[in-house]
Structures are given as structure tokens and as C-alpha cells.
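The values are calculated or read from the model by the stated rules, or taken from the named source; none is laboratory data. From a predicted model like this one, the values you see are computed outputs, not experimental measurements. Note that each Cβ is placed from the backbone with ideal geometry, even for glycine, and that neighbours are counted across all protein chains shown.
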Amino acid sequence: MAEASGGIGHVATGALIIAALYLGREVFIPVALAILLSFVLAPVVKLLQRLKLPRAVAVVSVVALAFAILAGLAMAMISQATQLASDLPIYQTTIREKIGSLKGAAPGSGVLSRAADVLQELGKELDGSKEIAQGRQKEREAETRPIPVEVHQPAPSALETLRAFLTPLIHPLTTTGIVLIFVVFVLLKREDLRNRFIRLTGTYDLQKTTAAFDDGAKRLSRLLLTQLLLNTAFGIVIGIGLWLIGIPSALLWGILAAILRFIPYLGAILSAVFPLVIAAAVDPGWSMLAWTAALFFIVEPVAGHVVEPLVYGRSTGLSPVAIIVAATFWTWLWGPIGLVLATPLTVCLVVLGRHVDRLEFLDVLLGDRPALSAPEIFYQRVLAGDPAEAADKAEEVLRERSLSAYYDEVALEGLRLAAADATRGVLDLGRQVRILETVREVVEDLSEHADQTPRAITPTQDAEAGAAVDQTKESEGAADLPQLSGETIQPTFQGDDRVLCIAGQTPIDEAAALMLAQILGKHGLAARALGPEATSSAMIAGLVESAPALICLCYLNAGGAAHMRYAVKRLRRRLPSACIILASLATEAGANGGMTDVPADDIASTLRDVSKACLSRAMQPLPLSTDLMEA
């Protein structure tokens, strides 16, 4: 009951906030514009301060320059729009001719026109008598109709004319004035405002609050400055291109393209509509329209899919779905201005959710960080029996990391989660077998990848794969694993069934054995993975007959210490000459803890450490130097 009332309270609070934002939009919109503009200008102010310029002078100079640029752009757009409006009647004839040519070029248009004419004539003949009767009725009504009286307003006075001229300008000028005052105030009192906000949010956790402010300021400044520079460059390229093509008012369309591109996804499309219409109206032919369309179809994909990923990195911090939802919400709330402000405002919400525990749901819903960790995603995919997606994610990670690094930091961690569920009794044997078969397919799909760090690293653009890349530690990857060959491997380790990776107890252990066997094979040591039945009484005779040189026992069950001791002792008794390595993979820390009485030649807790131990034992011993032999 308490939880339900708490949920209703949260919903009511959210509804009140939304209502306040909507009803107070006349105030909140200028404030939001001022705050975002201050994030853009703050780095420039800091730069001038480093040059020993007083803070007040730096703020006033930067704000004055910024608003002068904005005013100049507005005047240029008004001038260009006025010129275009005066030229529109000239283009009217061209538009009519093209519409007429399109109608004439349509297949069957002549037949349809003649059929329409015939139907109209028939209709006139059928309705002729009716029209005559109606005409007579109108004549009788006109005879008795009173004389109309018209009332004309007097000519407006000079004051009324001035008022009619200034009224549409009052709201934009008022908004601009409020934004100007708030920008100057925020830049002058930025630290004081930050400290007061920290005081309001609570000083009990200064570290977290400070981190939230720093992260938000850096993220917003970087995002807005980058967007401003990229969109300005986009507008310049579009404007120059349209000028070269011959589109009238190219400066207007370039500025409009730069502004509209702040709108996610739709901005670039909207900026192309007007130049295309003008191109069709100006040119009697179709070449200008084709060149204009080609300009936008080339420049926008290059800017969106080549330049932006290089500048932004993997992401701006928002998921694509969040950008669309935010654009819809803020447009509904604040109109066109909300559409432009949607992305920066949503970034602010994500930053708050990333650092404030009670608002974490905002980061989960709107942020680009995966809701699940990389091991959790791997476990979820193999649990669902989806090897294709698991292999696709692995392929993305392998663009930047080695195979052993991925197996150790992502796949093995996911199998540890599965082993923990199996220990708790929530993962039955059937699903464990399905996990094993899925992992087998993933390992087969990755068999073409060498266990080495890619030389030409191509950063992945996938958020989930990016999180997995950030999690892997390549410094401990394949670089320290030796590469064996026919000359460097001992003869007893060469051939089939000489190295065996045996699962300890469960199918999940066998999945880890499959990955270990593949890593060893990538480094020149042929190995075969076997299930837990290989150490049973019925099957161990076959092991004794094949007499392997090295056996790796793989365990992912943290509570299987007794079984490990028993299995190792049994193998040691039946295969005294074999090298036995215990892969205690339940946790990385404390691999040897509580295992001092296990008669294994080596114990390791990661696939890389186990691989290193196996490869070092299989490696041909280095020949002694002449000096050492003489000594």
C-alpha cells in the first residue's frame, strides 16, 4: 500500500513539473536558452580570463560579440527573405509551365481530360432546366432585396500604424532581452550559482554532486560547441554549393540549414525542402533541381555518418530512441523552440540520472549506456539460445580487442553468472545444455579470428560493444601468450589428444573448456575439449589408453573444492606422467586459496593465465649457452 501511494506521489510530482513547464514557458524558454548559450560561451570566457582579461570585461565582450553575430545573421536572413519574396512572382510562370508539363506527360492524361469534359457537358445538359429555374428565382429575390450599406473604418493614425508595426516585434525583442540579461548573469555568477545549487541539493555528498556538475558542464559544453561548429560548417558548405548551382538567396538557405540541423534527424531534411522548391521554380529545366538534390544527398550523409562519429566519438550520450522521444516531448511542451532544445535538455536529464541515485531511471531510459553489462548481455543471449547476436557483439569487440581478452573479460564473466544461477538451483540442466550448445556455435563462429590485438583498430559504433571494449583489459591480453610452432613445442605435446581441456562438473564448465581449447589452438597448441563424463569410471580408461601429456580441469563452481581435489587426485593416480593444470575459474581472486592440498602442477583463475601455464609447459626448453655448459 505504501509503495502504491509512493508511486502515485511520484506521478503527481511529475505531472506538476510538466504543468509548470508548460504554463510558465514564457519564462522558462528564455532561461533555458540563456543557460545553454552560457555553456557555449563559458570556454571562450575562460580563455580570455587566462589571457589576464578581467572577468566582467571578458563576459561583456563575449556576449556582445555573440549577440552581434546573431543580429547580423538575423538581418541577413530578413534581407534575403525580402528579396526572395519580391522575386516570387517572376518564378510563378515557371512553376505553372512545369505543372502543365507534368500533367501532359502523365500516361493517359489526354483520355482522362476528354472523358472529364464529356461528363461535364452531360451534367450541364441534365441540370440546364434546373439552372434556369434557379436563375429566375434569384431575379425575383433581387427585385425585393434591400440596398446594402457599407461601413468603412477611418484611415489609421500614425500612432496606430507604429503600434501595428511594433506589436509583432515585442515578443521576440522581450525574449532576446531576457536571454541577454540571463546569459550575462550566469556567466558572471557561475561559481556562485553552482555553490548555491550544491547547497540546495545537500552537502552530505560533495564528491557526487561535484562530479555531476563537472560531468554535466563538460558534456554540455562539448556537445553544444561541437554541434555549433559542425552545423556552421554544414551551413557554409550548403550555402556555397547552392550559390555555385545558382539558387537565389543562397545565404538564407545556408543559415537556415545550419539552424535546422540542430533538430535531430528531421533538421537536414527540412533544410533541403525550400532550396529544392526554389530550384524547381527558377530553372525551366530539371538540372538545377537535380544538382541541389545531389548536394544535400552527398553532404548530409558525409556529415552525419563520417564527420560526426569522428568528432563525437561513439555517441553523444543519448540513445536514438531517447532523442526521438525527447524531440516529441519538448516540441509538444514548448513548440519549435523545444524541438531545437530537445537534445541539450535531455543530456542534462541523463547527467542528473547518472549521478543522482533517485534519478537513475533517467539514465537507464534516455542514456546510451547499455542497461545490462557486457557479461550480462552475453549470458542473456546464450541463455536465450541466440548465438547469432552473441557472435555479432563479439565481432564488434574483436575489432579493438584480442580473442582471449574478450573470452576472459566478457564471455567467462557471463559464464560465471550462469554458474552462480546453477549453484542457486534456478538454472536446470536443460538450460545449461542449451547454454553449452550456444557457446559452441559462438566459438565456431569466432574460429577465424587470431588471438592478437588488431593492428588497424576500427572503433565500434555499437554502444553495447563499446561498453565491452571499455571493460576489457588488453594490456593483459594476448601479448604475453607465446606463439608455439613445430620447432618450439615439445614432441610429447604434438599430435591429437595430447592436450585435453576437461569440464569439471557441468555443461557450463564444458563451455569454458571450449573457449580455453580454442585459445590454445590459436597459439599453436592443439587441444580438445571434453565434457565432465570424461573423468567418470566408464570413460577414464580411454584417457589412460590415450595417455595425454597435459590435462586442464575447468571449474566454474565456487563450491566445488572437494570435487576438484577428488578429480585431480584420481587423474594423478591413473595418469602419473601427465601434467595437470587446475582452471579454478569461479573467481579471479584467490585461485590458490584453500587449494594447497590439490596435487595439481599449476592452478589459475583466468583463461589467459591457464593458457599461459599450458603454453609454457609445452614449450621446448631453451638450449643452454656455451658458457653455461662449460661452467
Review point. Hey, any hits in the stretch 537-549 for a residue that's in the same structural domain as ARG608 (by TED's automatic domain parsing) and under 48 Å from the mean Cα position of the chain (by Cα)?
Key: no
**Study point:** Residues of the stretch 524-548 satisfying the condition of being in a helix (DSSP H, G or I) and charged (D, E, K, R)
**Key:** GLU533, GLU545
Revision key, fill the gap. Flagged in the stretch 497-523 as closer than 16 Å to ARG617 by Cβ and in a loop (DSSP other than H, G, I, E, B), in numbering order, are ARG498, HIS523
Study note, to complete from the structure: Those residues of the stretch 514-533 which are surrounded by 18 or more Cβ atoms within 10 Å (Cβ to Cβ) and among the aliphatic types (A, V, I, L, M) amount to LEU514, MET515, LEU516, ALA517, ILE519, LEU520, LEU525, ALA527, ALA529, LEU530
Study note, to complete from the structure: Residue set ARG572, ARG528; condition farther than 20 Å from VAL439 by Cα and assigned by TED's automatic domain parsing to the domain that holds VAL610; output residue ARG572
Review point. Do we have any residue at all in the stretch 419-426 that's outside any helix (DSSP H, G or I), touching a Ser or Thr at 6+ places or on another chain (Cβ under 8 Å), touching a residue at least 24 places away in the same chain (Cβ under 8 Å) and not assigned by TED's automatic domain parsing to the domain that holds ARG222?
Key: no
Study note, to complete from the structure: For the stretch 16-56 the number of residues that are over 27 Å from the mean Cα position of the chain (by Cα), surrounded by fewer than 19 Cβ atoms within 10 Å (Cβ to Cβ), assigned to a helix (DSSP H, G or I) and not acidic (Asp, Glu) is 19
Practice item. State all residues of the stretch 497-513 that are surrounded by fewer than 22 Cβ atoms within 10 Å (Cβ to Cβ) and of a type in the set (S, T, N, Q); if no residue qualifies, say none. Key: GLN505
Practice item. Specify which of the listed residues (ALA561, ALA538) is surrounded by fewer than 21 Cβ atoms within 10 Å (Cβ to Cβ) and over 23 Å from LEU514 (Cβ atoms). Key: ALA561
Point to revise | Hits in the stretch 320-341 - residues which are under 19 Å from VAL364 (Cβ atoms) and either crowded, with 18+ Cβ neighbours inside 10 Å or in contact with a Cys (Cβ under 7 Å, 6 or more places away or on another chain) (or both) | key: ALA322, ILE323, ALA326
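Quick check, is TRP253 without any contact (Cβ under 8 Å) to a residue 12 or more places away in the chain and either acidic (Asp, Glu) or over 20 Å from LEU33 (Cβ atoms) (or both)? Before the answer, list the steps.
On the way: without any contact (Cβ under 8 Å) to a residue 12 or more places away in the chain: no; either acidic (Asp, Glu) or over 20 Å from LEU33 (Cβ atoms) (or both): yes.
Here the answer is no, as TRP253 does not meet what is asked.
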Practice item. Among the candidates ARG416, ARG401, ARG369, ARG424, single out the residue that is within 18 Å of the chain's Cα centre (by Cα) and of a type in the set (Lys, Arg). Key: ARG369
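For every residue, the table says whether it meets (1) within 16 Å of LEU220 (Cα to Cα); (2) modelled with pLDDT under 80; (3) in contact with a Phe, Trp or Tyr (Cβ under 9 Å, 6 or more places away or on another chain).
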residue: GLY317; (1), (2), (3): yes, yes, no
residue: VAL321; (1), (2), (3): no, yes, no
residue: LEU333; (1), (2), (3): no, no, yes
residue: GLY353; (1), (2), (3): yes, yes, yes
Review point. Residues of the stretch 242-298 being small (Gly, Ala, Ser), assigned to a loop (DSSP other than H, G, I, E, B) and surrounded by fewer than 19 Cβ atoms within 10 Å (Cβ to Cβ), which ones?
Key: GLY246, GLY285
